[in-house]
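A.B. asks: Here's a structure for you.
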Ligand code: SF4
Ligand code: FES
């Protein structure tokens, strides 16, 4: 800890860290300095001059930008002098030469720093009568972002974000002088996984989102803080609602997790909430589909559960329930087991191909995301991090920028190869994800780990890989370094399920344990395993022959179509609860929307069914469940109760642990011909029912290296027909020369790929037409 220094601001002494910028030191002491270009999560550029302050120098008083000037002992700063005020008025008058006065039709009005600061610090009137700049407006710079160039004040927040933070500099300043404008490059749209952050940080209405433009005025919005459930980072968000409709999601700055940033999936995946395709009443599917009441559905289901003939009950859970809901399900299952002599045949399976035992034995070894900032070396062996844990990718990128060394193993993170110190590809890891050499003999490895602070982000790269090599790597690192591990399970509230379900099995266990000689009752809970899994075909076969299937879901999909009863459920924003992120940080989700139709949250169904088993038992509320759930946490000092999580000091979440029991057998398949990967955008029910982003997951493509691609006569981006047995799909081909020979990357969460066998070869032929390339 460095010694603090004292500076004098506006006549008062404040104490500050020695390396801070004047703007930060003042901010920390409650003194606001107006600014446009400065953003605490980006490098300062001093573009706008709105933050000018007066300081005492040996040569007298001087105006300096407070966002680029550091504090020093006994520095005297004046943020309110007449000279400062005159400078602020000048900057604002200058900015308004060209900025249009279109606040009545601008989405930013009401929350616009330019509008607010003009009111607070502006000159009151302008001396300019000349014509302002005009541009064609708005121009779409991607499927989801629009640009009104004449509103831009050239602060470079968007360009710096894209360059420094997300690493895809697709938006830049072009032309010079009076003609300078922000724009994208010809034929290169702003296709970034993080583009929505530029809309949030643009200090004027130059960048807007298609999903929010002209939808609401900021003063009409109802707002609540919550936690995103798109991946297991658990980004802090603010939900914005008007007239009971979710209109916008903004990132909130949580120092432990997202630092204010969101992926576009997390930001724009909400329109499904108001889709007219939502299921709002229980559906009984017989020879026809009919709506029934909740009571009727509960009677039918409990009759099935207590039918003397039912001898196996399986629950396939998805990642979008709250901790309280997983806890309620676990209670229901335990009561069911007590009633049922044959305990073995009541099981909970988690719907994620990438789940395996992971590394949970030693709580001391479990890392936090902020450990990335303290590490010497970061080791990454997991699914594609940018697609599956996008804001964790931003944290890794930031750590690398600050000098941490990144080493990547395997073939899934090829897109961020340029960030690495060493990329251990084909010569070290074969296409089955096994080591080609002893770990101790990997060249240039030992020097990065021996006695160093290492954070290892470890997870399965392929759903069907042998997990032994990952364990070997963990053990080696544990021996040689000061190791912290982040288990890279990526889906929503996976860690909440692991913390609150006594025993979690995987989809492979469901397939293998399914005994068709028994009477089978299967529940699917916010899970669609008949799509997006390497086991989809086998799961579908089993659901078809099951005696009774109950699906808790919001939409009809490949899985609910096989159900006898569909129970309508709620989504995030419509329920209160907690979720656990990949560090075991428990964060709050808050309710701000009414529930559609007769939909209920999962826990309410489990409570009603529990009550059918035992008249005495009934969960009354999420608060009651939360308080019961808290009993199981190891650290009793800081329990993640609603009350604690609502305290200002705990808004960033509470770290706490529970014992974890994952019973998943290693899937040891060899001769991998295809590497199934999950892309950020796919064909989940929520995405295809969110019009703004539905088309982003529609492209079908595969990746391979040139050698695999039969020779160079076919060009990059060619369209080919991929055939395996009776499956035939037209796809774009992208060449990725970081891949090993004879390994083809297939996006499993895009329609059409589920029926491929990853161990069998596929045939590729140049396609005659491009008709089927995109799915809608
Ligand atoms: S578009 Fe917005 S964020 Fe980008 S430079 Fe212009 S004003 Fe700044
Ligand atoms: S905020 Fe300091 S120059 Fe823009």
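A.B. asks: Among (1) modelled with pLDDT of 85 or more; (2) surrounded by fewer than 16 Cβ atoms within 10 Å (Cβ to Cβ), where does residue 701 come up short?
C.D. replies: Residue 701 satisfies every listed condition except (2).
A.B. asks: Would you call residue 176 within 16 Å of ligand 2 (Cβ to nearest atom) and either under 27 Å from residue 101 (Cβ atoms) or free of Cβ contacts under 8 Å to residues at least 24 places away in the same chain (or both)?
C.D. replies: Spelling it out, it is not the case that residue 176 is within 16 Å of ligand 2 (Cβ to nearest atom) and either under 27 Å from residue 101 (Cβ atoms) or free of Cβ contacts under 8 Å to residues at least 24 places away in the same chain (or both).
A.B. asks: While we're looking at this one, here's another question. Which one of these is touching a strand residue (DSSP E or B) at 6+ places or on another chain (Cβ under 7 Å) and more than 16 Å from ligand 1 (Cβ to nearest atom): 57, 79?
C.D. replies: 79
A.B. asks: Residues that are within 15 Å of ligand 2 (Cβ to nearest atom): list the strands (runs of 3 or more DSSP E) wholly contained in region 7-69 that include at least 2 such residues.
C.D. replies: 52-57, 60-65
A.B. asks: Next question, about the same structure. Please find, among 133, 151, the residue that is modelled with pLDDT under 95 and within 14 Å of ligand 1 (Cβ to nearest atom).
C.D. replies: So the residue among 133, 151 that is modelled with pLDDT under 95 and within 14 Å of ligand 1 (Cβ to nearest atom) is 133.
A.B. asks: Filter region 462-485 for residues that are buried (at least 21 other Cβ atoms within 10 Å of the Cβ), modelled with pLDDT of 95 or more and within 24 Å of residue 508 (Cα to Cα) and give the result.
C.D. replies: 470
A.B. asks: To continue, here is another question. Out of the residues in region 114-129 that are within 38 Å of the chain's Cα centre (by Cα) and surrounded by 18 or more Cβ atoms within 10 Å (Cβ to Cβ), which is nearest to residue 198 (Cα to Cα)?
C.D. replies: 114
A.B. asks: Collect the residues in region 251-286 that are surrounded by 19 or more Cβ atoms within 10 Å (Cβ to Cβ) and outside any loop (DSSP other than H, G, I, E, B), keeping them in residue-number order.
C.D. replies: 251, 264, 265, 266, 267, 268, 271, 272, 273, 283
A.B. asks: Could you list, in sequence order, all residues of region 170-200 that are out of contact with any strand residue (DSSP E or B) (no Cβ under 9 Å at 6 or more places or on another chain) and either under 16 Å from residue 390 (Cβ atoms) or within 12 Å of ligand 1 (Cβ to nearest atom) (or both)?
C.D. replies: If the condition is that a residue be out of contact with any strand residue (DSSP E or B) (no Cβ under 9 Å at 6 or more places or on another chain) and either under 16 Å from residue 390 (Cβ atoms) or within 12 Å of ligand 1 (Cβ to nearest atom) (or both), then 191, 193, 194 are the ones that fit.
A.B. asks: Using the structure shown, decide if residue 612 is part of a helix (DSSP H, G or I) and more than 24 Å from residue 491 (Cβ to Cβ).
C.D. replies: When the stated conditions are applied, residue 612 passes them.
A.B. asks: Further question: Quick check on residue 84: is it crowded, with 19+ Cβ neighbours inside 10 Å, assigned to a strand (DSSP E or B) and more than 16 Å from ligand 1 (Cβ to nearest atom)?
C.D. replies: no
A.B. asks: Based on this model, can you work out whether residue 626 counts as out of contact with any helix residue (DSSP H, G or I) (no Cβ under 7 Å at 6 or more places or on another chain), in contact (Cβ under 8 Å) with a residue 12 or more places away in the chain, at negative phi and not in a loop (DSSP other than H, G, I, E, B)?
C.D. replies: For residue 626, the condition - out of contact with any helix residue (DSSP H, G or I) (no Cβ under 7 Å at 6 or more places or on another chain), in contact (Cβ under 8 Å) with a residue 12 or more places away in the chain, at negative phi and not in a loop (DSSP other than H, G, I, E, B) - is not met.
The values are calculated or read from the model by the stated rules, or taken from the named source; none is laboratory data. Since we're looking at a predicted model, the values are computed, not measured. Here Cβ is always computed from backbone atoms with ideal geometry, including for glycine, and neighbour counts include all displayed protein chains.
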